[in-house]
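In what follows, a single structure is set out as structure tokens and then discussed.
Nothing in this text is a laboratory measurement; each read-out follows from the coordinates by a stated rule. What you see is a predicted model, and the numbers here were worked out from it, not measured in a lab. All Cβ positions, glycine included, derive from the backbone under ideal geometry; neighbour counts span all protein chains shown.
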Amino acid sequence: MQWPWQYDFPPFFTLQPHAETRAKQLSAWRSIVLDYYKHTKESTLDVREAQSSPLFFNSTINRKLSQEGILLILENLQKTGNAEPLDKTKNRWLIFWKSPEEWGKLLYNWAQARGMTNSVCTLFELVSGDDTTDEEFYGLDTEIIIRAIRTLEVERKAEMMMYDDNQGVKFF
Amino acid sequence: MDRLEYDDPILHPKEDEIAKLRNVKIYDGDAKSATFENGELIATSHRLVYVQSGSSHGLSLRLHYLVYVEEEKSSGFGFSRSKKLLLHLSEPLPGKPPGPVDRSSCSFIRLSFKDGYDSSFPNNLSAALQKKKWETAPITSTSLPEAPPLVQVKIQTGQQNKIFPYLSFPQLPGRQLRAGIVGIERQIQAKHKATDDSISLAFEDLNKLMSMAKDMVLLSKSISDKIKVNLNPIICWALLNFLALQEKQGEISDDETVQFKSYLLSLGIDDPVTRDNSRSESQYHQNLARQISSALQDQIKEIGGMMTLPEAYCRVNRARGLELLSPEDMLKACQIMASLGLPVTLKVFDSGVKVLHLSTHNDQNIIKTTAEAIEESGSYTAEELAQVLGMSVLLAKERLLITEKAGRACRDDSIEGLRFYPNLLLEKN
């Protein structure tokens, strides 16, 4: 992952008191977080552990962002639908570098292109199957896939299926 | 009690009577029963004379035995209404004339006054102790010499034995008791004496200084007239020392005089504004503000346009010499500087730090120069900037903070401390 210049700038890891500077700082952090998650294909973030992740800890300049700062970025991401807390204490978060709607659209397009409409496929097939290796959602966290399918359900383009321990989806 | 001696109750012509009191009892130390009762006590500048009623014999206690006088607080039981005085005594001198009691373990006696005494009596007695008239005008007792030679001691001891044969402990000369209450009291007494000595020594020096002061002030005035500057005496004093040094080394050149004049001008305030020479409180503060402003203007300029209030306070008071200002007056004067349109004004930073700064010295300039300094070096802590600019860390920090507030710097707050960088976050891209 190619870090932007800010990552090597020590003040970037201190929350700036000057309002305008802080706004710039937060927006830079937003894009770094989303880029990082896109790059690593991860989707969950635990605030309590995030400080040791290279995302918020630059070991070469020995600077880490405070938990307060991490939470501020996550709340900022939440406003634009790019993050969502998984618990009430706001410790665990889901990060969407694409919104669930966008993912839904990608899934549906893929299904149409493959002629998978009106047929069922498992979530495992979607994120780790041989047919999807070139797709952006390959290796995506199932939590996010489920949220994407829920958006398709609202549009009546797909339906979640549960059988035994497997989760599947039927595209219409 | 053993300090008492037989004595003639007739007053010596050099002796001044302090008080005459009737119905006096004498107790030895804390003893419950009085050793002597119903006597008349005459206090003089030299001794306490005690005469028991119906007796022609007198007893006396030389005042030089008296260390100090203490009024005994009444025990509160109302049992005995009579007033009591505690007389703390020093060790009996060798060769003391004989008295009724040869030896006592107590180093104080109590006097009980059934009829009370005048409230000024203890004070008068203490005053007599301090005057030490017995040293300046000694009285030679008609019956017994003041300090009898050692030969006579034997005879006197013999006399004593006749009167009180059961109390025949000869007084050992120079014998010192170290144990018990006596020892402690003697230590206290020694301490009193040491303190007394050091105090008088200290004041002796001061007296010399005071006697010299007038001459010195006159001398310094004449010098300040010579160099045509009016200065306060303290500064001139410094000048005097300087001149004395120069004189040893040779003549004072004109250049040196000029140079020194400039030093002094930056230090001294001629004719400081005081409350006394101002008509009202507000006028006082106004004049004060003007004076502070003119006195500090050059100094503030020299150190970069800003001076913390405590530093300014110290400098002003040093310049004023003796007419010192209170912090409150200084603050009040500084607060009205802006309204008077003076070149120096008070500024209060967001952090509460108060400084005096030049009116021409505005935030924009500070921000600009500070931002440039940060860009040049890459980053600064307050300590580093203080060193570079030659100002206090406090002021350097304020500079960095207002630069940050203006968006021209950003902070890096780590375990290594607070460091300020150029605001690339805002300026880059």
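Angle of helix A:67-79 to the longest C-alpha principal axis of chain A, folded into 0 to 90 degrees and rounded to 10: 40°. B:LEU59 sits among other residues whose Cβ lies under 14 Å from its own Cβ, and their net charge, with Lys and Arg +1 and Asp and Glu -1, is -3. Exposure proxy for B:CYS106, B:CYS334, B:CYS314: other Cβ atoms within 10 Å of each Cβ, ordered fewest to most, give B:CYS314, B:CYS106, B:CYS334. Starting from the Cα gyration tensor of region A:100-171, take the square roots of the eigenvalues, sort them a ≥ b ≥ c, and report rounded, prolate or oblate (rounded when a/c is under 1.5, otherwise prolate if a/b is larger than b/c, else oblate). It comes out rounded by the Cα gyration axes. Once C-alpha pairs closer than 8 Å and six or more residues apart are averaged by separation and normalised to the residue number of region A:100-171, the relative contact order reads 41 percent.
Residues B:CYS410, A:CYS121 in ascending order of nearby Cβ atoms (within 10 Å, fewest first): A:CYS121, B:CYS410.
Taking the charge dipole of region B:281-427 about its Cα centre, with +1 at Lys and Arg Cβ atoms and -1 at Asp and Glu Cβ atoms, the residue from B:ILE303, B:PRO422, B:LEU400 reaching farthest to the positive side is B:ILE303. Counting charges near B:ASP197 (Lys, Arg +1; Asp, Glu -1) among other residues having Cβ under 12 Å from its Cβ returns a value of 0. Highest GNM mean-square fluctuation among A:ARG48, A:ARG30, A:ARG150, for chain A modelled with Cα contacts below 10 Å: A:ARG48. Spin-label pair B:ALA34-B:GLN387: with each label point 7 Å from Cα along the Cα-Cβ axis, the two points sit 8.3 nm from one another.
Cβ-to-Cβ counts within 10 Å put A:PHE12, A:PHE57 in ascending order as A:PHE57, A:PHE12, the fewest first. Its Cα centre serving as origin, region B:1-72 has a Cβ charge dipole (Lys and Arg +1, Asp and Glu -1) of approximately 140 debye. Charged neighbours of B:VAL316, selected by a Cβ distance under 12 Å, balance to 0 (K, R count +1; D, E count -1). Rounded if a/c is under 1.5, else prolate if a/b beats b/c, else oblate: with a ≥ b ≥ c from the C-alpha gyration tensor eigenvalues square-rooted, which is chain A? Prolate, because a/c is 1.5 or more and a/b exceeds b/c.
Sequentially through region B:97-106, phi angles give Karplus couplings (6.51, -1.76, 1.60; θ = phi - 60°) of x, x, x, x, 10, 8, 8, 9, 7, 8 Hz, Gly and Pro residues having no value and appearing as x.
Using the Cα gyration tensor of region B:281-427, with a ≥ b ≥ c the square roots of its eigenvalues, what is the shape: rounded (a/c below 1.5), prolate (a/b larger than b/c) or oblate (neither)? Prolate, because a/c is 1.5 or more and a/b exceeds b/c.
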